[in-house]
1. Among the listed residues GLY3, GLY25, which satisfies the condition of being touching a residue at least 60 places away in the same chain (Cβ under 8 Å) and either in contact with a helix residue (DSSP H, G or I) (Cβ under 8 Å, 6 or more places away or on another chain) or not aromatic (Phe, Trp, Tyr) (or both)?
2. Based on this model, can you work out whether VAL234 counts as more than 18 Å from the chain's Cα centre (by Cα) and open to solvent by less than 20 Å² (accessible area, probe 1.4 Å)?
3. Any idea which of GLU292, GLU329 is surrounded by fewer than 16 Cβ atoms within 10 Å (Cβ to Cβ) and not aromatic (Phe, Trp, Tyr)?
4. Quick one: which strands (runs of 3 or more DSSP E) lie wholly within the stretch 359-473 and hold at least 2 residues that are among the small types (Gly, Ala, Ser)?
5. For the stretch 17-39, how many residues meet the condition of being open to solvent by 80 Å² or more (accessible area, probe 1.4 Å), farther than 25 Å from ALA273 by Cα and in a strand (DSSP E or B)?
6. Quick one: is GLN406 within 11 Å of the ligand (Cβ to nearest atom), open to solvent by 10 Å² or more (accessible area, probe 1.4 Å) and not small (Gly, Ala, Ser)?
7. With the structure loaded, tell me whether PHE146 is of a type in the set (Phe, Trp, Tyr), within 16 Å of the ligand (Cβ to nearest atom) and at pLDDT 95 or above or whether it fails that test.
8. Going by what's in this entry, would LEU300 be described as closer than 23 Å to THR250 by Cα, within 16 Å of the ligand (Cβ to nearest atom) and either in a helix (DSSP H, G or I) or not assigned by TED's automatic domain parsing to the domain that holds CYS277 (or both)?
Amino acid sequence: MTGLLLDGTWAKGPGRLPVADKYTGDLIAELQVPGPDQIDTAISSAARAVGQLPCGERAMILRRAARLLDERRATILAQYVAETGFTPADATTELDRTLLILELSAQEALRLTGEMVPVQAAAGHDNSLCFTLRVPVGVVAAITPFNAPLSTVAHKIAPALAAGNAVVLKPAEQTPLSSIALVRALLDAGLPDRLVQLLPGPGETVGDQLIRHPDVRYITFTGSTEVGRHIRAVSGLARTHLELGSNSPTLLWQDADLGHALPLIVRAGYRKAGQVCTSVQRLLVHETITDEVTSRLTTLIGAIPYGDPRAPGTQVGPLISAAAAGRAESLVKDAVGQGSRLLTGGMREGAMMSPTLLAGLPEKARLASEEAFAPVLATAPVGSLDEAIRMANATGYGLQAGVFCQDLDVAFAFAHRLEMGGVIINDTSSCHPDPMPYGGVKDSGQGAEGPSYAVADMTDSRTVLIRHRPPAS
Ligand code: NAD
């Protein structure tokens, strides 16, 4: 497997990208990394392929690719678990979401349409007809993070192809194998091979050349805020869609149904070892219920099985690297040093971190404002609506917030006043049905994902005005 798909061929490049099993550390693949000339070739090859397929064929190919992925499920899941360190249950959820994203994108390909414009209102246009067409933007560069190597990649390439574009995909260097499986399914489903180019390799070289290239018209990026800022700074006039970092709050109001809320919070804080952008990191709890909440959470979180992701029952596997786990550990130590109480977890060995719960997180602790991206959740008490909203909004981020409450007036107040791309009532910050518009504000990004929103954004509007003379009577 070379992994480098360039101008219609699986090619060799001057560099190598080793891919390791994130739990055992074993080498599981070595991919080819393209050189600068090959990256230019990929972009020009993609540019020539734009607009090649009618919408009906695009929809058919996306649907067929979903069927193929489903048929290949066992192999894809095993490879996914190895390259991510996530559990088979997390892998299955992501694959199922990917199938839905392909189907939703196929549907969007079939209803791509413009609008009629009533230009007759303007003097002299009684006999004009004006309408808009949606046309592909051209070459879309898709750059993706390590933590959702199937569904995030699908959220980018499926709408891009549905809209009639060509895609140059640069997957995360830690988890590129799932992208290869997705691209193979598309090719086997009949996608003309130049409509997608796959460039494995480091962000600093392969990714950086892509985002600076003048023939890339649209950059769809998910990853850290730091890299998102860099993309905006160097990408010239290319349109950008940025899904960036977060430190997501979830709020438990005094009337919350804890039997409903707590299992959802535990799942959303610890699945994929907390390496989810909307993961519950800060839990703001009404001061009247903090004792009950922390006691019940300590029991639930202390019982989470962690370790080998392939062992039956494991819910939390390793982090993506020992360095990532070390950084999370330092955030926990800082929080404890600032006065937080460690209720369970806090142990680290290599890339493995035990599911960790802290209580009484002070606002000055780094964990209150930085992103942990780890199985770490910290509670903080809130006494009033104003205090809850102020604390939830107190970071630079603004991706999603969850609010558990029964009182509709309180729910509306949160919906109106939380500075987030999404406010989820009676579920966690991590609730993300794929059809909905999904994206952040502030340092969490700009633009919205979700096939119908992405397809609209990945097209340009072309205005057509036809002037005609009335026939001579
Ligand atoms: P990252 O920013 O380190 O890398 C993301 C991608 O950018 C990778 O493919 C990487 O190779 C590439 N890249 C790095 N430097 C680049 C450069 N100079 N030019 C072009 N590309 C470059 O992020 P990560 O560690 O893979 O993922 C974790 C981050 O992603 C977290 O901050 C998380 O919150 C964020 N994330 C956000 C969402 C969302 O929906 N908002 C979803 C998932 C992950």
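The values are calculated or read from the model by the stated rules, or taken from the named source; none is laboratory data. These numbers were taken from a predicted model, which means no experiment stands behind them. Please note: Cβ atoms are built from the backbone with ideal geometry, for glycine as well, and neighbour counts cover all protein chains shown. The protein model used for the area step is the full one, side chains on, heavy atoms only, and it has no ligands, DNA or RNA in it. Shrake-Rupley method; radii C 1.70, N 1.55, O 1.52, S 1.80 Å.
1. Details: GLY25 fails: touching a residue at least 60 places away in the same chain (Cβ under 8 Å).
That would be GLY3, the only listed residue that is touching a residue at least 60 places away in the same chain (Cβ under 8 Å) and either in contact with a helix residue (DSSP H, G or I) (Cβ under 8 Å, 6 or more places away or on another chain) or not aromatic (Phe, Trp, Tyr) (or both).
2. no
3. Details: GLU329 fails: surrounded by fewer than 16 Cβ atoms within 10 Å (Cβ to Cβ).
Unique residue meeting the criteria: GLU292.
4. Details: elements: 376-382, 400-404, 422-425, 459-467.
Fully inside the stretch 359-473 and qualifying: 376-382, 400-404.
5. Kept after step one, since they are open to solvent by 80 Å² or more (accessible area, probe 1.4 Å), are these residues of the stretch 17-39: 23, 26-27, 30, 36-37.
Next, only the ones that are farther than 25 Å from ALA273 by Cα stay: 30, 36-37.
So of that shortlist, the ones also in a strand (DSSP E or B) come out as 30.
Matching residues across the stretch 17-39 total 1.
6. Values: within 11 Å of the ligand (Cβ to nearest atom): no; open to solvent by 10 Å² or more (accessible area, probe 1.4 Å): yes; not small (Gly, Ala, Ser): yes.
Judged against the criteria, GLN406 is not a match.
7. Working: of a type in the set (Phe, Trp, Tyr): yes; within 16 Å of the ligand (Cβ to nearest atom): yes; at pLDDT 95 or above: yes.
Yes.
8. On the way: closer than 23 Å to THR250 by Cα: yes; within 16 Å of the ligand (Cβ to nearest atom): no; either in a helix (DSSP H, G or I) or not assigned by TED's automatic domain parsing to the domain that holds CYS277 (or both): yes.
Criteria not met by LEU300.
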